[in-house]
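Asker: Can you keep this structure in mind? I'll have questions shortly.
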Amino acid sequence: MNDPSADAKNQPTLLLVDDEQNILKALKRLFRSCSYRIHTAENGSEGLALLNQEPVDLILSDMRMPKMDGAEFLAKAAEQWPETVRILLTGYADIESTIAAVNKGKIYSYCSKPWDDNELKILVHNALEQKFIRDERNRLFAIVQNQNEQLKELNAHLEEKVEQRTGQLKKSLAQIDKANKALKKQYADSIKTFARIIEMRPGIKSGHAKFIAENGRNIARLMQLSDEDINNVMYAGLLLQIGKMSLPDELLKQPLFSLSWHDKKRYYKHAEEGQMMLKDIRQLQEAASIIYHQYEHYDGSGMPKGLIGTEIPIGSRILAVIRDYISYLDGTLTGESLPIVQVKKHIELKKGSLYDPDVSDIFLQYLPESEEDDRPVIEMSWTQLQAGMEVKEVLCNDLLYLKDRILTEKNVNDIFNLRENGGQLSIKVRLGNK
């Protein structure tokens, strides 16, 4: 799919709304290189007035504004201009009002402040591309409907004309199918971007979502689940940690084993919070249910419902094993990273109590035989690097910077300096002790 900003005659139009001039200036600078037509407004009233005068493809609005906040403004915009894509800029403290805004204003997505420039540009690009694909699909559907009407009027004996129209119809249907496939891909890419945004929250481990989702998808395939179920497992894996955005920083920073009973109960509540955030999105209802039941135990001792065995959604049973596997290797559960052989033994020991025996067996057979060279590698954000981590490689602007290194404080500071000087980083970290 071509860049939606490439056609000068049909440049996408953005409306940026924020009551702070410095934020508007920063956003205009960010999108200056993207060939967008950009309008700005300092409040919701100005934004609505501009929408009455100019066609707009995408609105990017701040949440906290005087008189009319971002949620109210986008809800009004949705009523009058439903085809305009709406994205909300919000702080971590606004999570509850953000959820309400997503439901009320039919918001495509939201981005946390402070934003990552590259992530925000990708989010806006994908949103515009989805809009243009959707518009094109509607146009093609109108063509098909018009051609169907013409086919009804054709004389039954004019076989040549019928064949001609049938050929045109097949071509249009092929184009629709292509547009649908592109839309599905963009939908999956948007969820992956959203997962990366979730992991920007301090205390939420970066790289976990991608590892859990990809391995969950592979295990679901080995278990011969349907394509729909496989996709639901992947989406749930990407969004498994979304409810953690509502947890306080001090709770996220501690290993799970060190938490008090009260704090553990509060921590496990994130599964319900995640389900609540996603339940009104039709395409993610099954994924929301998988997230909700992720802490059920196979023997019925888990939460929130105490389901037993196959009462637990198969996606929840799959992701529970993979989630704990990477968390033990990462040190999230115990406070220190464990070797692969020890983690495998734990999963084997807990078959039938915590984990589904069939899922556990398939997962353990799926893992590489080696216990050292094949340790999992995840992509990690530069913001979460710490001394003592083992990097497989660090690329800066696609050039190798470090390889197979235990990071020192100096290494970490040097990498931070590269990022602050505009370097585009790709960081892959090995998990688990040798």
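Asker: Can you pull out every residue in the stretch 330-346 that is under 26 Å from residue 275 (Cα atoms) and among the aliphatic types (A, V, I, L, M)?
Answerer: 333
Asker: Among residues belonging to the stretch 327-338 that are of a type in the set (Gly, Ala, Ser) and either at positive phi or in a helix (DSSP H, G or I) (or both), point out the one that is most open to solvent (accessible area, probe 1.4 Å).
Answerer: 335
Residue-wise test of (1) more than 28 Å from residue 196 (Cβ to Cβ); (2) at pLDDT 90 or above.
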{"site": "256", "(1), (2)": "no, no"}
{"site": "272", "(1), (2)": "no, yes"}
{"site": "302", "(1), (2)": "yes, yes"}
{"site": "315", "(1), (2)": "no, yes"}
{"site": "319", "(1), (2)": "no, yes"}
{"site": "325", "(1), (2)": "no, yes"}
{"site": "331", "(1), (2)": "no, no"}
{"site": "337", "(1), (2)": "no, no"}
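Asker: Test residue 299 against the criterion of being free of Cβ contacts under 8 Å to residues at least 60 places away in the same chain and charged (D, E, K, R), and give yes or no.
Answerer: Yes: the conditions hold for residue 299.
Asker: Let me ask something else. Considering 229, 249, which residue is touching a residue at least 60 places away in the same chain (Cβ under 8 Å) and of a type in the set (D, E, K, R)?
Answerer: Just one listed residue meets the conditions, 229.
Asker: Would you be able to say whether some residue in the stretch 140-147 is closer than 24 Å to residue 14 by Cβ, of a type in the set (Phe, Trp, Tyr) and either assigned to a helix (DSSP H, G or I) or modelled with pLDDT of 75 or more (or both)?
Answerer: Scanning the stretch 140-147, I find no residue that is closer than 24 Å to residue 14 by Cβ, of a type in the set (Phe, Trp, Tyr) and either assigned to a helix (DSSP H, G or I) or modelled with pLDDT of 75 or more (or both), so the answer is no.
Asker: May I pose another question? If we scan the stretch 372-385, do we find a residue that is over 25 Å from the mean Cα position of the chain (by Cα) and either among the small types (Gly, Ala, Ser) or under 29 Å from residue 420 (Cα atoms) (or both)?
Answerer: no
Asker: If you don't mind, another one. Could you look through the stretch 305-326, keep only residues that are over 16 Å from residue 241 (Cβ atoms) and among the basic types (Lys, Arg), and pick out the one that is most open to solvent (accessible area, probe 1.4 Å)?
Answerer: My answer is 305.
Asker: So which residues in the stretch 31-57 are closer than 16 Å to residue 89 by Cβ and among the aromatic types (Phe, Trp, Tyr)?
Answerer: 31
The values are calculated or read from the model by the stated rules, or taken from the named source; none is laboratory data. Quick caveat, the model's predicted, so the values are computed rather than measured. Cβ: placed from backbone, ideal geometry, glycine included. Neighbour counts: every protein chain shown. Side chains included, ligands, DNA and RNA excluded: accessible areas come from the protein's heavy atoms. Shrake-Rupley method; radii C 1.70, N 1.55, O 1.52, S 1.80 Å.
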